[in-house]
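Have a look at the structure below before the remarks.
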Amino acid sequence: MESTQNLTPSFPTTYDIEQAVLERYQAGAKVSQPSLCCAVEYDEKYLEILPKEIIEKDYGCGDPTRYVNSGEIVLDLGSGTGKNCYIIAQKVGEKGQVIGVDFNDEMLKLARRYQSEIGAKIGYYNTRFVKGKIQDLSLDLEQVQNWLEKNPINSIEQFSQFEQECDRLRQQTPLIRDNTIDVVISNCVLNLVRPQDKEQLFDELYRVLKPGGRVVISDIVCDQDPTPKIMNDPELWSGCIAGAFGEDNFLKMFENAGFYGIEILQREERPWQVIDGIEFRSLTVRAYKSLKKTCSKDQHFIIYKGPWKQVQDDQGQIFYRGEKIAVSQQTYQMLTQSDSPYQPAIIAVSSSSEVQPIQSKTSCC
Ligand SMILES: C[S@@+](CC[C@H](N)C(=O)[O-])C[C@H]1O[C@@H](n2cnc3c(N)ncnc32)[C@H](O)[C@@H]1O
């Protein structure tokens with residue numbers, strides 16, 4: 001990875017960001033908050049079985065549910081009322097699974113209230129909701145809560161025991177295990193995470209995905225850095241404004257965490273809000289986790305079709321239009337498999353051809 005620059009502005013804030021977010025969405029679970037809503041068009045056919053309350057308490061800003069397929073295991077970060085989870089439950093079907101994560105008891109209660117009713121309507125029960133922070137997906141906050149009830153903290157020694165217990169839980173009973181998820185989605189939540197935790201958040205997305213898995217994230221981005229005045233307003237933080245990502249930095253955060261095939265799927269032309277001349281809008285991005293490195297003695301070749309004269313992948317490999325090139329098995333798979341974002345631009349060439357190949361610098365053998 002080339003660039004590891006700090007991509008999230010870190011103004012010291014005069015308030016507790018997490019507390020402000022928690023309180024705002026605890027209230028949002030009880031009473032609908034129109035100021036938190038961005039108009040989102042979901043596929044109507046998946047809304048038919050959802051209770052009115054879930055349809056109305058929608059705090060998303062895009063529709064990542066469109067990019068999920070049958071049979072997949074999906075993790076929804078900041079699942080709120082469960083609207084995205086229940087749409088995906090229908091899309092992934094009986095063989096798929098959906099896990100919603102939220103750190104807010106009121107939202108979890110609301111989402112869980114409809115679990116059996118919706119399961120009965122669709123004919124299977126493939127959805128569950130768990131309590132955790134999306135920047136620390138190994139720590140099961142329900143288990144932490146149980147431990148704290150039995151072990152209140154009143155001294156540094158007890159605080160150290162608490163930290164030790166959290167480490168034990170992360171290792172022995174992780175909330176979300178490494179390499180277990182096909183698709184991580186999130187709808188308008190990543191911006192709410194504290195600036196100092198954002199890098200760890202992207203590392204967590206990468207950790208939990210299976211090799212070759214993908215993220216589809218809808219979030220709020222801005223065309224200039226939010227001013228200190230905006231950053232220091234707790235209402236604007238919990239309102240998905242102050243923590244918005246710089247538009248170009250958002251893609252770099254995925255790149256720095258090791259993702260490839262990073263692509264903007266949807267960019268709202270009209271800003272959701274303009275504050276102090278800064279435009280805040282919704283963006284939906286997809287990115288892939290690398291496949292496992294595999295080695296084989298077989299030679300693999302590809303040709304980049306164009307239309308650009310040359311393109312470069314996230315490993316720095318340049319592909320020249322029309323040129324046959326030998327690539328590693330891992331790169332071959334990454335470029336040619338049917339769900340690859342590169343596949344429409346690539347011709348897979350049979351290895352029996354006699355043309356002398358140019359050796360790829362990413363060949364692993
Ligand atoms: C803007 S709402 C989006 C809810 C849902 N994705 C939707 O589309 O309606 C943000 C949700 O993320 C949760 N949340 C915010 N920060 C979180 C964090 N660090 N860890 C876990 N959940 C978080 C909030 O409790 C809230 O339910």
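Scanning the range 123-142 for residues that are surrounded by fewer than 17 Cβ atoms within 10 Å (Cβ to Cβ), touching a residue at least 24 places away in the same chain (Cβ under 8 Å) and part of a loop (DSSP other than H, G, I, E, B) yields GLY123, TYR124. Inspect all residues belonging to the range 183-204 and state whether any of them is away from the ligand (no atom under 16 Å from the Cβ) and at pLDDT 95 or above. Scanning the range 183-204, I find no residue that is away from the ligand (no atom under 16 Å from the Cβ) and at pLDDT 95 or above, so the answer is no. Looking at SER79, SER70, SER35, just one residue is assigned to a loop (DSSP other than H, G, I, E, B) and either without any contact (Cβ under 8 Å) to a residue 24 or more places away in the chain or more than 8 Å from the ligand (Cβ to nearest atom) (or both), and that residue is SER70. Taking residues in the range 259-283 that are among the polar types (S, T, N, Q), and partners anywhere that are surrounded by 17 or more Cβ atoms within 10 Å (Cβ to Cβ) and not in a strand (DSSP E or B), the pairs with Cβ atoms closer than 7 Å and at least 6 places apart or on different chains are GLN266/GLY62; GLN273/ILE241; SER282/CYS38; SER282/CYS61; SER282/GLY62; SER282/GLU268; SER282/TRP272.
Just so you know, in the range 82-122 the residues that are more than 14 Å from the ligand (Cβ to nearest atom) and of a type in the set (Val, Ile, Thr) include one that is nearest to VAL21 (Cα to Cα), and it is ILE118. When residues in the range 38-62 are screened for being among the acidic types (Asp, Glu), more than 9 Å from the ligand (Cβ to nearest atom) and either outside the structural domain of VAL183 (by TED's automatic domain parsing) or assigned to a loop (DSSP other than H, G, I, E, B) (or both), 3 of them pass. Exactly one residue out of ALA20, ALA27 is surrounded by fewer than 17 Cβ atoms within 10 Å (Cβ to Cβ) and either in a helix (DSSP H, G or I) or not assigned by TED's automatic domain parsing to the domain that holds GLN196 (or both): that is ALA27. Candidates are the residues of the range 168-182 that are more than 10 Å from SER138 (Cα to Cα) and assigned to a loop (DSSP other than H, G, I, E, B); the one that is nearest to the ligand (Cβ to nearest atom) is THR180. Of the set (1) under 26 Å from ALA29 (Cβ atoms); (2) touching a Phe, Trp or Tyr at 6+ places or on another chain (Cβ under 8 Å); (3) without any contact (Cβ under 8 Å) to a residue 12 or more places away in the chain, all apply to ILE153 but (1).
In the range 123-167, what count of residues is obtained for those that are more than 16 Å from the ligand (Cβ to nearest atom) and within 26 Å of the chain's Cα centre (by Cα)?
4
The residues of the range 33-54 that are more than 22 Å from the chain's Cα centre (by Cα) and either more than 22 Å from GLY96 (Cβ to Cβ) or not hydrophobic (A, V, I, L, M, F, W, C) (or both), listed by number, are GLN33, PRO34, SER35, GLU44, LYS45, GLU48, PRO51, LYS52, GLU53. Taking into account only those residues within the range 10-32 that are farther than 15 Å from GLY243 by Cα and under 24 Å from the mean Cα position of the chain (by Cα), which is farthest from the ligand (Cβ to nearest atom)? Here the residue is GLU23.
The values are calculated or read from the model by the stated rules, or taken from the named source; none is laboratory data. Here the structure is a predicted model, which is why all the values come from computation and not from measurement. Positions of Cβ are generated from backbone atoms using ideal geometry, with glycine treated the same way; all protein chains shown enter the neighbour counts.
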